[in-house]
Each structure stands twice: as structure tokens, then as C-alpha cells.
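Novice: A single structure is presented below for examination.
The values are calculated or read from the model by the stated rules, or taken from the named source; none is laboratory data. The structure presented is a predicted model; accordingly, all values stated were derived computationally and were not measured. Ideal geometry is used to build each Cβ from the backbone, glycine not excepted, and the neighbour counts take in all protein chains shown. For accessibility, only protein heavy atoms count, side chains too; no ligands or nucleic acids. Shrake-Rupley method; radii C 1.70, N 1.55, O 1.52, S 1.80 Å.
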Amino acid sequence: SRDSTGYTAALTEEALAKHGQGNPTIVSRGPPEGKTPSAGTGVSRRSKRESDNSKGESKGSQGTKKSNVSSALEKRRQRQLASLLEPQEFPDPHRYNARSLYCFKLQNPLRKFLIRAIEWKWWDRTVLILIFLNTLQLALYDPFDVEALNPDPEYRDAMTAVGAVFTWAFFAEAACKVIACGLIVGPHTYMRDPWNNMDLFIVVISMMDVLTPAPAPGSLDEGGTNPSALRSLRVMRPLRAVTKFPDLRFLVVLLLRCIPMLANVLGLCCFIFFVFGILGVQLFSGLLHGQCYN
């Protein structure tokens, strides 16, 4: 039999006896003299060369890919560096609409000044300081400081004036943002943000409180409404601080999204409160009437 290279042939004694030839085992190695290697040898050598060539081509292609990736990264770094070095257009047309309120163009001097102001890092910090001071002013409010109980109007008038100053400051802040960004028409306007809608609602309620004339003591105004109901909504002003902190906004959104999941629990609690309320009314109906005073 001949091995895979075609050069070696081993003949056993049984094979020689079968063909009528000698006794010993003859092993021949290599091709006979004057004869060329068989076709199998050429094929194997050619396949080996092709495999070597394919390996070299694969290595070359990998090197080419690496060089292409490195060149692409280098070009990207150069573009980023060039974009940083070249002067940026202000205001950015990708963040602000071409017009606000149909009359202020992007290059309007007033609008550019307001955009630069609201992008200033101390703008939001100043608004937060005003919200904190306004919260302190609301905490110092005395509900019994009325003309019927306290004839001295100095403290009452001072607190009213301070509250009006905060209201007009918040109104100016909302007006600056509306002029800079636009009100509602466009993708980047003021009311496109739901948190700005809450701020605008609080500002409008506060302005209604300031612009509503004070009624006579213990009386209703001509329309039959009580302005104290508007004043009670001033407690919503500290909620404007939520819009300035992204973490607080995330927590508020998370709580609001959890409300539908807790609907069954809320319904069960309301049912239990309702049952025990009926039970308490039936058991203690009229028993405590007049017990706290003579």
C-alpha cells in the first residue's frame, strides 16, 4: 500500500506470495530514480501554498481593517477638535426656535440677552434662593392677623408687600423664559415641558391673588367668590423647587407611575375607612356634643 505522500510502499509477505514474488518484506521509500513525483504530491504542495497564501491574505485583511478603524477614529477626533476650536453659533438653532411669540427672531438683541441670562449658571440658583425665601415668608403667615383681631397693619402690610415682590419676581422669570423659548408653538417652547406648565399655573394663580382687590373684613366680593381661596393656593409655590432638581423630578414621576398599581390598595383602605366612619357615627352620635365647652 502507498501512504498519503505517494512515496512509501510497504509490501508484506502475503502480498508477495499472492503475486508470486519473493519472501522478504520490501519497503520502498521515495519515488524511483528518473521518475517525477505523483500528482497527489503536487496537489498537496499546491494546497499548502494556497493555505499559506490565504493565511497571509487574512492577516493582511485584518491589518487593513485595523488601519481603517484607526484612521476613522483619528478623523473623528480631528472633527471633534475642529468643532471645539471653531466658534459656536449663538443662540444654538437646534435648541431654540427661529421665532418666539411670532415677533422675536433668533438674532433679536433682547431675545439673545434673555437666552444668555437663562443659560447662566446662577439663573436657576437665584430662582431657588427666591423659592426658599418665599417658603419662609409663607411659613411666617399668621391667619389671625386680620383687621378685626389686630388693628395694627404694619406687620400685615409688610408681609403682603413681600409676597407681592416674590410674585412679580416669579412672573418676570416666566416671562423671560417665554420670550427666550416661545410659548407653545414649536418643538422647544416653554409649555412643551410639563414641569413648566406647573410653574406657569402657579405663577398665574399668584398673579390673580395679587391683582384681586382685598375684600371688606368678613365679606365676599361682588362676584360671590372669596379671594382667600386663591391665597390658599400659594402653598404650591415651593413645588417649583421640584423642577430645578432632576432627582426630585425622577422621584415624583416614579410616585405618579406607582399610583395605578396601588389603586386596589387605595380602594380597600377607603372602604375600611367608610365602614368604620359609619360605625363611629352610629356609636357616638351626639354623645360628645357640648362636652368641650360650657
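Novice: Residue check: is LYS59 basic (Lys, Arg), surrounded by 10 or more Cβ atoms within 10 Å (Cβ to Cβ) and modelled with pLDDT under 75? Talk me through it step by step, then tell me what you get.
Specialist: Working: basic (Lys, Arg): yes; surrounded by 10 or more Cβ atoms within 10 Å (Cβ to Cβ): yes; modelled with pLDDT under 75: yes.
In short, yes.
Novice: Moving to a separate point now. Taking segment 171-217 as the region of interest, how many residues are surrounded by fewer than 17 Cβ atoms within 10 Å (Cβ to Cβ), part of a helix (DSSP H, G or I) and among the acidic types (Asp, Glu)?
Specialist: Residues flagged as surrounded by fewer than 17 Cβ atoms within 10 Å (Cβ to Cβ), part of a helix (DSSP H, G or I) and among the acidic types (Asp, Glu) within segment 171-217 amount to 0.
Novice: Within segment 113-124, can you find the residues that are part of a loop (DSSP other than H, G, I, E, B) and touching a Lys or Arg at 6+ places or on another chain (Cβ under 8 Å)? Spell out the reasoning first.
Specialist: Step one: list which residues in segment 113-124 are part of a loop (DSSP other than H, G, I, E, B), which gives 119-120.
Correct list: empty.
Novice: Against the definition (open to solvent by 90 Å² or more (accessible area, probe 1.4 Å) and in a helix (DSSP H, G or I)), how does TRP168 come out, yes or no?
Specialist: Yes, satisfied.
Novice: Test ASP157 against the criterion of being outside any helix (DSSP H, G or I) and either in contact with a Phe, Trp or Tyr (Cβ under 7 Å, 6 or more places away or on another chain) or open to solvent by 30 Å² or more (accessible area, probe 1.4 Å) (or both), and give yes or no.
Specialist: Numbers: outside any helix (DSSP H, G or I): no; either in contact with a Phe, Trp or Tyr (Cβ under 7 Å, 6 or more places away or on another chain) or open to solvent by 30 Å² or more (accessible area, probe 1.4 Å) (or both): yes.
So ASP157 does not fit the description; no.
Novice: Do you know which residues across segment 134-150 are of a type in the set (S, T, N, Q) and either closer than 17 Å to VAL235 by Cβ or outside any loop (DSSP other than H, G, I, E, B) (or both)?
Specialist: Hits for segment 134-150 are ASN134, THR135, GLN137.
Novice: Could you check how many residues of segment 224-248 are open to solvent by 70 Å² or more (accessible area, probe 1.4 Å) and either assigned to a helix (DSSP H, G or I) or modelled with pLDDT under 80 (or both)? Can you show your working first?
Specialist: First pass over segment 224-248, keeping only residues open to solvent by 70 Å² or more (accessible area, probe 1.4 Å): 225-226, 231, 235, 239, 245-248.
In the following step, the residues that additionally are either assigned to a helix (DSSP H, G or I) or modelled with pLDDT under 80 (or both) were identified as 225-226, 231, 235, 239, 246-248.
Counting residues in segment 224-248 that are open to solvent by 70 Å² or more (accessible area, probe 1.4 Å) and either assigned to a helix (DSSP H, G or I) or modelled with pLDDT under 80 (or both) gives 8.
Novice: Return only the number of the condition from (1) within 30 Å of GLN107 (Cβ to Cβ); (2) open to solvent by 30 Å² or more (accessible area, probe 1.4 Å); (3) in a helix (DSSP H, G or I) that VAL127 does not satisfy.
Specialist: So the condition that VAL127 fails would be (2).
Novice: Filter segment 62-99 down to residues that are among the acidic types (Asp, Glu) and modelled with pLDDT of 80 or more and give me whichever is least open to solvent (accessible area, probe 1.4 Å). Can you show your working first?
Specialist: Within segment 62-99, the subset among the acidic types (Asp, Glu) is 74, 86, 89, 92.
Subset that is modelled with pLDDT of 80 or more: 74, 92.
Values: GLU74: 86, ASP92: 53 Å².
In this case the residue turns out to be ASP92.
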